[in-house]
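Remarks on the structure that follows.
The values are calculated or read from the model by the stated rules, or taken from the named source; none is laboratory data. These figures come from a predicted structure and were not determined experimentally. Positions of Cβ are backbone-derived with ideal geometry, glycine not excepted, and every protein chain shown enters the neighbour counts.
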Amino acid sequence: MDTLIETSSFLFLLIGSFLCISGGVGILKFPDFYTRMHAVGVTETLATAMILIGLMLQNPDALVLLKLLFILLLTLLIGPTASHALAQAAIKNGLKPELHKK
Amino acid sequence: MLTAATLAILIVMFMAICRVVVGPTLYDRILAVNMFGTKTVLLISLLGFVMGRPEFLDIAIVYSLINFISVIAVLRYSDSSIFHHSKQQK
Amino acid sequence: MLLAFLVAVALAIVSMKDLFSVIMLSGIYGLLSASFFVAMDAVDVAFTEAAVGAGISTLLMLVAITMTGRSEDPDRHKPFLALAVVVVTGGLLIYGTFDMPAFGSAQAPIHQQVVPRYIQHSMEEIGVPNIVTSVLASYRGFDTFGEVVVIFTAGMGVLALLSVARRPEDIAEIDSLNDSMHEQHLILRIVSKMLLPFILLFALYVQFHGDYGPGGGFQAGVIFAAAIILYAMLFGMSTARRVINQSFIQLLAAAGVLLYGSVGIVSLLEGKNFLDYGVLSDDPVAGQHLGILLIELGVGITVASVMVIIFFNFAGRRENAHSGEENEMQNNNRGNNKT
Amino acid sequence: MLMDHYNYWIVVVLMMTGFYIVIAHGNLIKKIVGLSIFQTSVFIFYISMAKVEGGTAPILEEGIRQYSNPLPHVLILTAIVVGIATTALGLALAVRIKEAYGSIEEEEIQRQDNLDC
């Protein structure tokens, strides 16, 4: 039974870190602010969730699980709101997305 | 496996720093700071597991809160500070 | 590894022109140094550095920047002389580090004299697992008392420097300005409405959890202040002032220091020296617990109220700078449409 | 051998960058940032001295024998909070200077001082 947990947590961590790296590459490569914003917004929340779940499987101690759950809920709540606020402020201050790019 | 994940996160943090230094517009920098914050939250929880001390998670919670508050503060004051600043040039 | 990042960020700060990105970088610098402290097993310190170094100092600098303009003129007077001085001092210091003990070696002199005593005896004498809190509160109670007074005076200093005389009609002016600006942050307000009780609760958890895990008066105070600042930012200064008015906060700051001092005096009256809590209840270890809890509470109250005072004054000064200009614009508008 | 003193060299390099910022830059706010860099490097110096190889965080638990040294942590804890208090005061002064002199560049302020006296 625990080998199953072990492999699944291993898998989660792997996918999580891969998503993280894709987010990192996204923030460097994408030409325009809004595309970068998209890359970071998506991977940030998902990768954090993946890695946290991977950590949860790692160690079934009650208190730790509770705290990890807190962090997970918090990031799920905070991530999108921060990106929303950022986009709203950017548009309001006249940062026009470049639509005509090839 | 944990160390591999911490290494991955360190690389991503380095990318975020490059974006902050290079970032043309102001909002790129705020975006990179936000991303950096969430990655440090992950790094700390991973470090907590690597070192076997679970109290690190309190710090991770505080981190995500502070990161959220500073991003909101930056946005709240950036639009009015530009407004304030541009008026002086008029 | 982390240290290499730190150096990179520091060098970037040197080369940056635009002050805004300098503050961004100083935020990242604080975050990085806090995660370095975590790697170095300094749990409490990472906690404080995260809450203070990354959070509050970036915030304060930001508010200061909105008043003092963002650009920084690039002239550097005689940089090479400065560079030379810096390089020389750096060389001497590095030369100094050669006879330092290797990093992380257990035989280093610092670990020999006092520390083993603390590690062995702190459990029986004070019964608090977190040695850092026990040393902070009871072994070195007097220093922490002095430090709380330092924070209090800093708060009073900022109050004296920046407190703005509120003319009655001025308040109406600022209220109209504030409420108009905050209508459009709708989503943020809802999310922070959900988040605020959680942050306040977490601050209390940190406050009373200081004995067993990382935490304590300072960190709890800063988190508490951060929650209030978030509220003040999103719902406007005037509403925040109505919820927590200025004089009450100043009273609270003084009360924190008073609480701390009174605990000391009580143990003085009982015949022991100034801050020896063993006396507070019949058996000494329970006395220590009680003493530490009260001390942490006093510290937490002072730190929270001083941070709020500092932020309110900074933001108040900024609102005033804004409304000052609004008045001029309105005056000259009124002026020219009258003519 | 090289790794032993790596931490201390990094601390010295950080200290020097902070020192350089304070000396070479005219802008007051930039100087305050330089000071905070200088300060944080001192903290890092203390904490890296406190680390014991294989020691864990100074919170007593049964099975663990080897702890990192808790004393520098206490010192740094108070130092950080005092540091934030001084930074707040410095910023408050910078704001008042801006209102009094109209700019926070060192030369500008000195020029106006020479004019007054």
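State which residue is surrounded by the most Cβ atoms within 10 Å (Cβ to Cβ) when the search covers only the range C:267-286 and only residues that are within 19 Å of C:ARG140 (Cβ to Cβ) and modelled with pLDDT of 70 or more.
Ranking the candidates gives C:SER267 first.
For the structure I just gave you, tell me whether B:THR6 is more than 7 Å from every other protein chain (Cβ to nearest Cβ), within 27 Å of A:GLU6 (Cβ to Cβ) and β-branched (Val, Ile, Thr).
Spelling it out, B:THR6 is indeed more than 7 Å from every other protein chain (Cβ to nearest Cβ), within 27 Å of A:GLU6 (Cβ to Cβ) and β-branched (Val, Ile, Thr).
Write out, first by first residue and then by second, each pair whose Cβ atoms fall under 9 Å of each other, whose residues are 6+ apart or on separate chains, and whose first residue, in the range A:11-37, is among the acidic types (Asp, Glu) while the second is surrounded by fewer than 23 Cβ atoms within 10 Å (Cβ to Cβ).
Going by the 9 Å Cβ cut-off, the qualifying pairs are A:ASP32/A:PRO97; A:ASP32/A:GLU98; A:ASP32/A:LYS101.
Answer yes or no: is there a residue in the range C:95-114 that is part of a helix (DSSP H, G or I), within 7 Å of another protein chain (Cβ to nearest Cβ) and modelled with pLDDT of 70 or more.
No, there is no match, as no residue in the range C:95-114 is part of a helix (DSSP H, G or I), within 7 Å of another protein chain (Cβ to nearest Cβ) and modelled with pLDDT of 70 or more.
Consider B:THR38 carefully, then state whether it is within 7 Å of another protein chain (Cβ to nearest Cβ) and under 24 Å from A:LEU77 (Cβ atoms).
When the stated conditions are applied, B:THR38 passes them.
Can you find a residue that is over 18 Å from B:LEU57 (Cα atoms), out of contact with any Gly (no Cβ under 9 Å at 6 or more places or on another chain) and surrounded by 16 or more Cβ atoms within 10 Å (Cβ to Cβ) anywhere in the range A:34-44?
Looking through the range A:34-44, at least one residue is over 18 Å from B:LEU57 (Cα atoms), out of contact with any Gly (no Cβ under 9 Å at 6 or more places or on another chain) and surrounded by 16 or more Cβ atoms within 10 Å (Cβ to Cβ).
Give, as residue ranges, the helices (runs of 4 or more DSSP H) completely inside chain B that count at least 1 residues that are of a type in the set (Lys, Arg) and at pLDDT 75 or above.
In chain B, the matching helices (runs of 4 or more DSSP H) lie at B:2-22, B:26-51.
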